[in-house]
Amino acid sequence: SSTSVSPSPTTKPFTSLTSPHIFTSTLLYSSLTNTATTTPVVTSSSLSTKPTRISSSTSPITKSVWTTSQKEADSLVTRLSSPGVKTSSRETAAIIGVGVAGTVLGITAILVLVVLIYIIKRRYIKSCRSQSRINNNFPLQELTLIHDTDTEASVPHSPGIPRNEANIMTAESGLDDLGGIENDNIEHLKTDLDRKGMIVPKQLLELSSVVGQGESGLVYRGYINYASGKKIVAVKTCKALSWASDMERLMKEVSVMFSFRHCNIMPLIGVCFDKGAPLIIMPFMTGGTVLEYVRRHKESLHCTSTSEVKTAMNTCLGMCLQISKGMAYLTDQRFVHRDLAARNCMIDRNGVVKVADFGLTEDVYNTKYLSVEVSEERLPIRWMAPESIESNMFNEKTDVWSYGVTCWEIFTCGGVPYAGIHPMIVLREVRSGKRLERPSNLACCDEIWDMMESCWAGHPIQRPKFVSLTKLSSGLLEKHSDYTKLTHVII
């Protein structure tokens, strides 16, 4: 607020201390003193020639400069306040310069502050996106959780997940909320899925124990309570959704996969939304994964003598044949798997191999097989074609490369590709032309090994198509012996 000063006999009264001269002189006074003290408020007492007290801790040089600057500023204030006294152009320029400098500094400080706030906010948002998006809008208590001990022993169990903890589901288990991801397209897609009979209400769904875990989420054993009775199912969570575009892509893929009809492709029963991230519902595969199967039967499948070769070859090559049939079907449907491996192929109770985890694993991979991050995505480098790693290129020929590695896993009875070698060294070795070593299993004959090697041709165009691989595998089975079904071993 303005302060009035009583008029003296020799000077005219001040109408207000907010006049331009007094304001600019105050700025000049502050700039000349160059101290860390607060800006003085101009009052009638501040116009006196009595110097302001200086701290005793101030150095002699600082005191001298400060006192001199104060006297100059006081002199200028006195001259400006005297009637009829005009300032020189030099003094006016100095005053204007100080005012402009102060304004520029103020604007600069504001801009710097805005930029800092923007950077901090952007980093915070990025950090939030990298974490699991858990939200209480989809509490797990809304789903019926059961502890089924009757069939516990018959269900394949994933290593590393204690059975006594499998039935304990918390918010960190992987059932994520969409965080408000909704738009007109998503609602339209939901309506389309509902029209096709694909949406399973959560009231009909029961979740039991965790039977699998990966980067893309958890897999639960569960049940759908139909009017005719319970149906055992596998329920897969999806925790990689953070944007509406991700949700739309997933729903479109689910719609396409629901139409797949092939004995070697994992069928899709439905999907559950209900305020949360989608739960993908599939048939429960009591035979477990191909990887688990070959490791479990390593003693009978890994041959060291010629007398055991026939049965082992039929079993291993039979699995490779079924996988190639499923992949040929996906290719015909213009679908790329992107993560083909023995861990992503399932076996049902009748010994039929079914390719699974296609489409839903586009940008997310199982951490168990990864030890390097590329472009913030975790990649299964040991199974990937070089062009997929270097150029993010995925097509039938890159799936063929992964198929060759999958066949290698089968004939090594669950061996880890390039075991003990860092993934980036693997990439360098593959670039130089080195490949996996031939399995020591006698069941892997020359023709089967040649088939594997053809899948790892350096140039994609030189790799066979899945149709050709299916014909080759089928011919080899007919040539060597009758095909022994996996049912004879599993059941």
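Brief remarks follow.
- Pick from the stretch 308-345, criterion small (G, A, S) and over 27 Å from the mean Cα position of the chain (by Cα), ranking: farthest from T398 (Cα to Cα): A312
Listed here are the residues, each with its yes/no results for (1) over 22 Å from R295 (Cβ atoms); (2) modelled with pLDDT of 95 or more; (3) in the same structural domain as K298 (by TED's automatic domain parsing); (4) in contact with a His (Cβ under 9 Å, 6 or more places away or on another chain).
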site: T412; (1), (2), (3), (4): no, yes, yes, yes
site: I421; (1), (2), (3), (4): no, no, yes, no
site: I425; (1), (2), (3), (4): yes, no, yes, no
site: E437; (1), (2), (3), (4): no, yes, yes, no
site: M451; (1), (2), (3), (4): yes, yes, yes, no
site: A457; (1), (2), (3), (4): yes, yes, yes, no
site: R463; (1), (2), (3), (4): yes, yes, yes, no
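- Verdict on S432 being small (G, A, S), within 13 Å of V400 (Cβ to Cβ) and without any contact (Cβ under 8 Å) to a residue 60 or more places away in the chain: no
- Restricting the stretch 305-352 to residues that are in a loop (DSSP other than H, G, I, E, B) and out of contact with any helix residue (DSSP H, G or I) (no Cβ under 8 Å at 6 or more places or on another chain), the residue that is surrounded by the most Cβ atoms within 10 Å (Cβ to Cβ): D348
The values are calculated or read from the model by the stated rules, or taken from the named source; none is laboratory data. Since we're looking at a predicted model, the values are computed, not measured. Counting neighbours? That spans all protein chains shown, and the Cβs are built from the backbone with ideal geometry, glycine included.
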